[in-house]
Amino acid sequence: MSARTKHFLVALLGAASLLAASPARADDADTSTSTSDLEGLLNENVVQAASKTSEVGTTAPATVTTVTAEDLRRYGIRTLAEAIDFLSLGAVTSDSQHVVDIGARGVMIPNDNGDHMLLLVNGHTQNEPLFGRAVFGRGASIPLEMIDHIEVILGPGSVLYGSNAMLGVINVVTKRAKDWSGVHGVAEVEPGKSWRGLVGAGVLFQTPLAKDPADLTVALEYYKHDGPAFFYEYRYGGIDGASGRPYRYSRNGPENGYWGGVANDGYYTRLPSGFLRLALGDFELNVQASSFDHAAPYRSRYTKVFQDFDDPDSHERDRRLGIDLTHRARLSSIARVTSRAYVDGWDWFADVNVSSKAACLGAGDTSANTCTLGGRGRSRWAGLELRTDLDWLQTSELVTTIGVDGRLREIKSKVDFFDFDTGRPLQSSQGLIDRNDTLIGAYLQQTILPTRWLSFNLGARLDKETRFDGVISPRFAAAVRTWQGGTLKGSYAEAFRSPSFAETDYVSTLQLPVAGTLRPERVRSVEGSFEQKLGAQRLLFGVFRSWWQDIVENHILSVAEQREAVRLGQVTLNTFGVGQFRNVSQIDNWGLNGTFEGTAGTDQQLHYGLNVTAAIARRDESGVQRVPLAVAPQLFGNARIAYDIPGDWPTLALATHYIGKRPIDRAYDGGWPSGNYAPPQLETRATISGPLPFVRGLSYRLTATYAIADRGAYVVGAQQVYEGITPDRSPQLLPLDQFRTSIGLQYDLLP
Amino acid sequence: MSVVACVLLAPRKSLGDEVAVPVALQAELLAKVASYDRNLATRAGDRVHVLIVVNAKNDASNSFAKHITSALGGVDKIGGLPHDETTAPFGGAKALAETCRERRIAIVYLAPGLADEVPGIRSALDGVNVLSVAADAAEVAKGIVLGFDLVSGKPKIVVHLGQAKRQEVSFKAELLKLAKVLE
């Protein structure tokens, strides 16, 4: 950076700092001391997941956003996805009502089940192996009030965590009892749409088992939502090839070929969940359980293609139980050992009811009025991770981390077809998966601080599982403290995603087995950033470039390929839309991102922030035109401002997030003459929160949210592709709930 | 399995002896916080002497001492004054108080591993002109004047105001507004 640019930057931040400077207090006889430097230190983020050790975010080997518990409350955040959208840098979500897709820095792969982002809760992996699924919406089942902070770590993170960490790592850290002491109750309502109840407690108590008090935090939560009742345009789907008559799209509906109407019953969530964390002596136990039952009223390309319209009995349920026991020990003045044993269970149920004869033909019997596609799956896994940290000089200047993580996995799934009315099976089970698998990962990380202003982080991890040869994920990062408050960082990292077992093992009449083996997806990334702090203000600017290869997609057979498959006896003559998972494409991605945030006022009562990401991501496939990624936002960001009125008066906050225009999910294979882009979205939330006067321990939170766009990026309905049988030349896009309000009360009975 | 056995059977020290706020950040915070002590210059004279007290039998304690010594070595001034650091094993609360008086210690930094000694240290330091700092913020509630906690991934200053008065530490209002204050 030239001296001129540096002077400009410092002047810019200096101007901001002057606006934020604390004025001298007239009642202080001593010369007042500006607290801006101290405020800057107190705004420093301490992150854990970037290097598996506590370090300041400024010199962590990645770009990190920390979302605090206070931010979550202040800005009316209700889910992990909202925290990412309204408050983080570089990551973004897109809700299809079926799943919440997550992307970062311009890359998003719709309906990937979140399997390109690693989600951790207190360091415990949430991604399951059947689909690679991690849930970022309401189904994440993490009580918001228990969250201490969320670390959003951008860029490849497989160097320490293995598979799935291609876009980054999100680590949710829950509160300790000292920060959540007492008994707590929360009731929150979105009038006419949802309600949520939570009870929880945090307590320190003495036991004979350890010298230090045990630290317990626990919460039980229930969330229920119904609707809103969106209106879906009536669209003509055509003639049912199996019956020769127009399609029927509901169990008791007419055979008139029209799909659509008001969806009163088929959009809901039922979510009981619980979370417990107990720290006792050298041990820490985390237990998480949930049952996420949800339904969406429409059919889409990715999920439930043949589903009846607005059918409440077509729904999906994820149940999970995760137990994680960690032991930390210091073996000597330089050596610490962390041992972690974990066991997880995940069950999946998906019932899809279809009343079209063509679909029931595929299910095995057209005599059924309505046939049910019943997907069942389960994953069980257990593992042990051992990690040693060697602080050779006992000054954190030369630290070696060595770890090994071994896991046993059992994965089962099947799809059955039933007559909905009688329960009679229509054919044998398909898509049978019954696998036992072992994976092992070993990692090594070296941090070196040769001087106080220079640090290096080098590492690599080797992962091996039964389905492919070993994968190595390296990372190299360096940070230079250029001058007071200034830090220049650069890094190179690689990551991978093991194909899910649904991709490698699922076979049915419409899904061919993988030819040969599926290779892991890979990403390589370089990034550079410069951060400047001036008191409580922080400015960051970064650039990035990544290369993705061997992206796994479900390739739909061409006519020639279908003929060959028929010749080989793999498919029958009259099946269409047969797919096969292959390593199909590459993604080329580059862009820039920036942050400006800080606090101001005599008591730091004004909080503000701005995050912007601008990226280009292009999908490459042999023989196919290079195109932008479907659904992936290329320009997105957020801004926020909040003011804490002194005393028992409320906090007023405004947060907004923006997603630019983006291709819809069927932009490249739908053949639509128009309407292939979803409109830009600007969603703004106003929040008022604070203690209720005269009622000790009771606080409130009111939110109102308005979204400018009423349509999302997903094609819904019977007309997934343009067939020219109706005048409709553009697809019907997912309707969005533009205006939402919520009222929440929290009662804290403190010890 | 043998690795697991070695880990479980090896000598262990309590998890509670590990600090939450990175040591280098603690050093930077101390250097800034000290400048808000109105009595620092009077107490220290022209140089701030920092005494780091360790539990000699505790590896975490010894390791912390080396770490904070190195970190403070990278700090130019504490409270605007030059400084030096020495480490000493804990030899009793009264001996500690005597050392602080004799050697004009301005800041005494308690390394982890001395939790059981804090009540005695608190009593012994009553009336002694010294700023006591705990590596573990939990000790502040027991009577150490200053500590650094971690809340929502950010450091938080914790001050025991009552003990500060008894040890002739007078923090300015600007600091107390940024801190969690215990009486």
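Quick notes on this one:
- Residue ID - nearest to the other protein chains (Cβ to nearest Cβ), chosen from residues in the stretch A:33-57 that are part of a loop (DSSP other than H, G, I, E, B) and within 20 Å of residue A:444 (Cβ to Cβ): A:54
- Hits in the stretch A:612-629 - residues which are open to solvent by less than 60 Å² (accessible area, probe 1.4 Å) and outside any strand (DSSP E or B): A:629
- Some residue of the stretch A:243-259 being under 20 Å from residue A:297 (Cα atoms) and assigned to a strand (DSSP E or B): yes
- Which listed residue is in contact with an Asp or Glu (Cβ under 7 Å, 6 or more places away or on another chain), in contact (Cβ under 8 Å) with a residue 24 or more places away in the chain and closer than 26 Å to residue A:394 by Cα, from B:56, B:60: B:60
- Of the residues making up the stretch B:98-120, just one is within 14 Å of another protein chain (Cβ to nearest Cβ) and closer than 20 Å to residue B:183 by Cβ, namely B:118.
Rundown of residues vs (1) away from chain A (no Cβ under 11 Å); (2) crowded, with 22+ Cβ neighbours inside 10 Å, yes/no style:
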{"position": "B:122", "(1), (2)": "yes, no"}
{"position": "B:125", "(1), (2)": "yes, yes"}
{"position": "B:129", "(1), (2)": "yes, no"}
{"position": "B:140", "(1), (2)": "yes, yes"}
{"position": "B:145", "(1), (2)": "yes, yes"}
{"position": "B:157", "(1), (2)": "no, yes"}
{"position": "B:160", "(1), (2)": "yes, yes"}
{"position": "B:169", "(1), (2)": "yes, yes"}
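- The set of residues from the stretch A:702-738 being touching a Leu at 6+ places or on another chain (Cβ under 7 Å), assigned to a loop (DSSP other than H, G, I, E, B) and of a type in the set (Val, Ile, Thr) comprises A:708, A:716.
- The set of residues from the stretch B:77-97 being touching a residue at least 40 places away in the same chain (Cβ under 8 Å) and either facing chain A (nearest Cβ under 9 Å) or surrounded by fewer than 20 Cβ atoms within 10 Å (Cβ to Cβ) (or both) comprises B:77, B:80, B:81.
- Qualifying residue in the stretch A:273-293 (condition: open to solvent by less than 40 Å² (accessible area, probe 1.4 Å), not in a strand (DSSP E or B) and not hydroxyl-bearing (Ser, Thr, Tyr)): yes
- Across the stretch A:138-149, the number of residues qualifying as in a loop (DSSP other than H, G, I, E, B) and open to solvent by 10 Å² or more (accessible area, probe 1.4 Å) comes to 1.
- Single residue of A:229, A:219 found to be aliphatic (A, V, I, L, M) and surrounded by 20 or more Cβ atoms within 10 Å (Cβ to Cβ): A:219
- Total residues in the stretch A:630-660 satisfying the condition of being in a loop (DSSP other than H, G, I, E, B) and among the acidic types (Asp, Glu): the figure is 1.
- Residue A:291 being touching a Pro at 6+ places or on another chain (Cβ under 9 Å) and at pLDDT 95 or above: yes
- Filtered by the rule that a residue be within 29 Å of residue A:512 (Cα to Cα), in contact (Cβ under 8 Å) with a residue 40 or more places away in the chain and out of contact with any helix residue (DSSP H, G or I) (no Cβ under 8 Å at 6 or more places or on another chain), the stretch A:527-553 gives A:547, A:548, A:551.
- The conditions of being more than 27 Å from residue A:392 (Cα to Cα), in a helix (DSSP H, G or I), aliphatic (A, V, I, L, M) and more than 14 Å from the chain's Cα centre (by Cα) are met by residue B:41.
- For the stretch A:452-496, the set of residues classified as out of contact with any strand residue (DSSP E or B) (no Cβ under 8 Å at 6 or more places or on another chain) and aromatic (Phe, Trp, Tyr) consists of A:468, A:483, listed by residue number.
- The stretch A:332-353: number of residues that are touching a residue at least 12 places away in the same chain (Cβ under 8 Å) and over 30 Å from residue A:299 (Cα atoms): 12
- Looking only at the stretch A:561-591, and only at residues there that are touching a Phe, Trp or Tyr at 6+ places or on another chain (Cβ under 7 Å) and open to solvent by 40 Å² or more (accessible area, probe 1.4 Å), the one that is nearest to residue A:640 (Cα to Cα): A:590
- Subset tally (residues that are under 27 Å from residue A:297 (Cα atoms), part of a strand (DSSP E or B) and open to solvent by 20 Å² or more (accessible area, probe 1.4 Å)) for the stretch A:84-137: 2
- Pairing residues of the stretch A:477-492 that are in contact (Cβ under 8 Å) with a residue 12 or more places away in the chain with residues that are open to solvent by less than 60 Å² (accessible area, probe 1.4 Å) and charged (D, E, K, R), at Cβ distances under 6 Å and at least 6 apart in sequence or on separate chains, gives A:479/A:489; A:485/A:533; A:487/A:531; A:491/A:527.
- Any hit, the stretch A:69-76, residues being open to solvent by less than 10 Å² (accessible area, probe 1.4 Å), of a type outside the set (Val, Ile, Thr), within 17 Å of the chain's Cα centre (by Cα) and modelled with pLDDT of 95 or more: yes
- When residue A:366 is tested against (1) within 14 Å of another protein chain (Cβ to nearest Cβ); (2) assigned to a loop (DSSP other than H, G, I, E, B); (3) open to solvent by 40 Å² or more (accessible area, probe 1.4 Å); (4) not basic (Lys, Arg), exactly one condition is not met: (1).
- Residue satisfying condition, being modelled with pLDDT under 95 and closer than 29 Å to residue A:124 by Cβ, within set A:409, A:424, A:330: A:330
- Qualifying residue in the stretch B:38-58 (condition: within 19 Å of residue B:161 (Cα to Cα) and charged (D, E, K, R)): yes
- Within the stretch A:592-608, if we keep just the residues that are open to solvent by less than 30 Å² (accessible area, probe 1.4 Å) and not polar (S, T, N, Q), the residue that is farthest from residue A:542 (Cα to Cα) turns out to be A:601.
- Residue B:127 satisfies every condition listed in (1) in contact with a helix residue (DSSP H, G or I) (Cβ under 6 Å, 6 or more places away or on another chain); (2) assigned to a loop (DSSP other than H, G, I, E, B) except (1).
- Set A:542, A:528: member being crowded, with 19+ Cβ neighbours inside 10 Å, part of a strand (DSSP E or B) and more than 21 Å from the chain's Cα centre (by Cα): A:542
The values are calculated or read from the model by the stated rules, or taken from the named source; none is laboratory data. Bear in mind the structure is a predicted one, so any value in this text is a computation, not a measurement. When we count neighbours, we look across all protein chains shown, and the Cβ atoms used for this are built from the backbone with ideal geometry, even at glycine. Accessible surface is based on the protein model in full, side chains and every heavy atom, while ligands, DNA and RNA are left aside. Shrake-Rupley method; radii C 1.70, N 1.55, O 1.52, S 1.80 Å.
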